[in-house]
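The values are calculated or read from the model by the stated rules, or taken from the named source; none is laboratory data. No experiment lies behind these values; they were computed from the predicted model shown. So basically every Cβ, Gly included, is an ideal-geometry build from the backbone, and we count neighbours across all protein chains shown. SASA here: full protein model, heavy atoms, side chains in, ligands and nucleic acids out. Shrake-Rupley method; radii C 1.70, N 1.55, O 1.52, S 1.80 Å.
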Amino acid sequence: MRMRCPRCGEGPIFRRWWTYTEYRTCPKCEFVYDPRGESIAFMYLSTAFLTGVMFIVLITVPPKNLGLYRIGLIAGALGLYGITLPFRKGLAIALNYFNSR
């Protein structure tokens, strides 16, 4: 969640957070973050999970104004995807590191 290297805890994963440019290796300990590209599968699954959350919101919260409801739901989903993207990528790298030890 700190978006730091899972091995040393010091090196950042991302060069820039908002542009989503990441380091290939840790600047401190030279750990390769995603050597085989396995974090992409976690990213797809977590995006599917967030889509499911938005679907549950769609089912359980009845709209009062359908047009505004749709705009709000789409904006909320895109905002949720965008804001959580670096955290989900960092979590994927950390889980990959701890599973491959």
> Over the chain, what is the relative contact order in whole percent, taking alpha-carbon pairs under 8 Å and six or more residues apart?
Replying inline: 33
>> Given a 1.4 angstrom probe, I'd like the percentage of the accessible area of region 33-76 that is carbon and sulfur, rounded to a whole number.
In response: 77
> Considering amide H positions built from the backbone, and no H for Pro or chain starts, which residues 5 or more places from LYS28, or on another chain, come under 5 Å of its amide H?
Replying inline: GLY11
>> Only four residue types carry charge here, +1 at the Cβ of Lys and Arg and -1 at the Cβ of Asp and Glu. Report the dipole size of the chain about the Cα centre in Debye, rounded to the nearest 20.
In response: 140
> Under a plain spin-label model, where a point goes 7 Å from the Cα along Cα-to-Cβ, how far apart in nm are ARG7 and CYS29?
Replying inline: 0.7
>> Just to be sure I understand the model, the point goes 7 Å from the Cα along the line to the Cβ. What's the resulting ARG36 to LEU58 distance in nm?
In response: 3.5
> Measuring with a 1.4 Å probe in the full set of protein chains, what accessible area per residue, in whole Å², belongs to the chain?
Replying inline: 69
>> Test of understanding: extend the Cα→C-beta vector of LEU95 to 7 Å, then name every residue of region 69-87 with backbone N under 19 Å from that spot.
In response: 80-87
>> Can you compute 3J(HN,Hα) from phi for each residue in region 64-76, using the Karplus curve 6.51 cos²θ - 1.76 cosθ + 1.60 with θ = phi - 60°, rounded to whole Hz and x for Gly and Pro?
In response: 8, 10, 4, x, 5, 4, 5, 4, x, 5, 5, 5, x
>> Can you give me the long-range amide H partners of GLU38? Hydrogens built in the peptide plane at 1.01 Å from N, cutoff under 5 Å, separation of 5 or more residues or another chain.
In response: none
>> Give me a comma-separated list of calculated 3J(HN,Hα) values for region 46-63, in order, Karplus coefficients 6.51, -1.76, 1.60 applied at θ = phi - 60°, integers in Hz, x for any Gly or Pro.
In response: 5, 5, 5, 4, 5, 5, x, 4, 5, 5, 5, 4, 4, 7, 8, 10, x, x
>> For a quick check: with amide H placed at 1.01 Å from N, whose amide H comes under 5 Å from GLU22's, ignoring anything fewer than 5 positions away on the same chain?
In response: ARG15
